[in-house]
1. From the list 173, 185, 159, which one is polar (S, T, N, Q) and surrounded by fewer than 18 Cβ atoms within 10 Å (Cβ to Cβ)?
2. If residue 19 satisfies every condition in (1) assigned to a loop (DSSP other than H, G, I, E, B); (2) under 18 Å from residue 122 (Cβ atoms) but one, which is the exception?
3. Take residue 115 and tell me if it is of a type in the set (Gly, Ala, Ser) and part of a loop (DSSP other than H, G, I, E, B).
4. Filter region 45-67 for residues that are under 21 Å from the mean Cα position of the chain (by Cα), part of a loop (DSSP other than H, G, I, E, B) and farther than 17 Å from residue 16 by Cβ and give the result.
5. Mind counting the residues in region 130-153 that are among the polar types (S, T, N, Q) and surrounded by fewer than 16 Cβ atoms within 10 Å (Cβ to Cβ)?
6. Quick check: anything in region 78-87 buried (at least 17 other Cβ atoms within 10 Å of the Cβ) and more than 23 Å from residue 62 (Cβ to Cβ)?
7. Is there a residue being modelled with pLDDT of 95 or more, among the aromatic types (Phe, Trp, Tyr), crowded, with 16+ Cβ neighbours inside 10 Å and touching a Lys or Arg at 6+ places or on another chain (Cβ under 9 Å) anywhere in region 56-67?
8. Go through region 7-16 residue by residue and tally those that are in a strand (DSSP E or B) and surrounded by fewer than 21 Cβ atoms within 10 Å (Cβ to Cβ).
Amino acid sequence: MSKPTLKHFASIWTLMDYPNGSASGEWPMEKKVAAIKDAGFDGFQWAALPELKDLAEKYDLAFLGGCQANAGNCSQILRDFALMNTVRINVQLGNHATQPEEAVDLWIAMNKEAADLGLTLDLETHRDTCTETPEKTWKIAELYAQKTGELLRLNFDFSHFAVVKHLYPPYASRLLDRPDLLRASSQIHLRPFNGHHCEIPITDSHGKISGWAASWLEFVRDALTCWSVGKSSSDTLWACPELGSMTSGYWIPSFPDPWKDTIAAKQAIQEIWEKI
């Protein structure tokens, strides 16, 4: 069986307020997209801004959407993305108080509307959303399967689950307990984490892969290996080495440059993939 494809995309979020940590002197959007291209990414992710459609075409990059959705705004969001040549859309759905039953009904309705517009959605596991814990997410998956007969299409950001559970490495036995849902996914956010911090640096003061990122890289290997089981050359996983911007709260001033760390994470992920 031929090996499936891993494609890397960057988040414009990482480059917000970059490079000085403020809006003053922030790179213009085209410079950000050009930097993503120069770093060897296959695409980038952000909101449905009209200028990004043109920049994606100019720099020959795939555009992946990203949004926070609820019952009041989802239709407009989908209509905006339908104008963008969007490959996939990552959705952070609802908030911490959204109940699984409510989330499933909204997700089914959103997917129907998205399909009518030629769009594909992925539900992200994320803090302060309907999927903020594994238990809520698995319940949503159970209800979704009951109502549709299908597996829930998720975009896993395991950093949130790891911190919720304050896990000690190795992480795979706790975080990869639903391999069926991981294998059903086509998008993943790979933020360097440990069990107490949702984001950690991946490089040290010399620009080399840091020792404390070793357990996360082992988990990346396990996750990518798990996803690849049974896949063929027609299958693609879009992977985002997602590090927070300088003003996100994820990144703190003692950390390395977030964009340089993102590039280092991408390279480390690709090396792992080539060995699988």
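The values are calculated or read from the model by the stated rules, or taken from the named source; none is laboratory data. Here the structure is a predicted model, which means the values were calculated and not measured. Glycine gets a Cβ as well: all are built from the backbone with ideal geometry, and neighbour counts include every protein chain shown.
1. Values: 185 fails: surrounded by fewer than 18 Cβ atoms within 10 Å (Cβ to Cβ); 159 fails: surrounded by fewer than 18 Cβ atoms within 10 Å (Cβ to Cβ).
Sole residue among the options that is polar (S, T, N, Q) and surrounded by fewer than 18 Cβ atoms within 10 Å (Cβ to Cβ): 173.
2. Of (1) assigned to a loop (DSSP other than H, G, I, E, B); (2) under 18 Å from residue 122 (Cβ atoms), only one is false for residue 19: (2).
3. Working: of a type in the set (Gly, Ala, Ser): yes; part of a loop (DSSP other than H, G, I, E, B): no.
For residue 115, the condition - of a type in the set (Gly, Ala, Ser) and part of a loop (DSSP other than H, G, I, E, B) - is not met.
4. Within region 45-67, 60, 61 meet the criteria.
5. Narrowing region 130-153 to residues among the polar types (S, T, N, Q): 131, 133, 137, 146, 148.
Adding the requirement that they be surrounded by fewer than 16 Cβ atoms within 10 Å (Cβ to Cβ) leaves 146, 148.
Qualifying residue count for the region: 2.
6. no
7. Let us first name the residues in region 56-67 that are modelled with pLDDT of 95 or more, namely 56-67.
Imposing the further condition that a residue be among the aromatic types (Phe, Trp, Tyr) reduces the set to 59, 63.
With crowded, with 16+ Cβ neighbours inside 10 Å added as a condition, the list becomes 59, 63.
Of the ones still in play, those that are also touching a Lys or Arg at 6+ places or on another chain (Cβ under 9 Å) are 59, 63.
Yes: region 56-67 contains one or more residues that are modelled with pLDDT of 95 or more, among the aromatic types (Phe, Trp, Tyr), crowded, with 16+ Cβ neighbours inside 10 Å and touching a Lys or Arg at 6+ places or on another chain (Cβ under 9 Å).
8. Of region 7-16, the ones in a strand (DSSP E or B) are 7-11.
Filter once more, keeping what is surrounded by fewer than 21 Cβ atoms within 10 Å (Cβ to Cβ): 7.
Result for region 7-16: 1.
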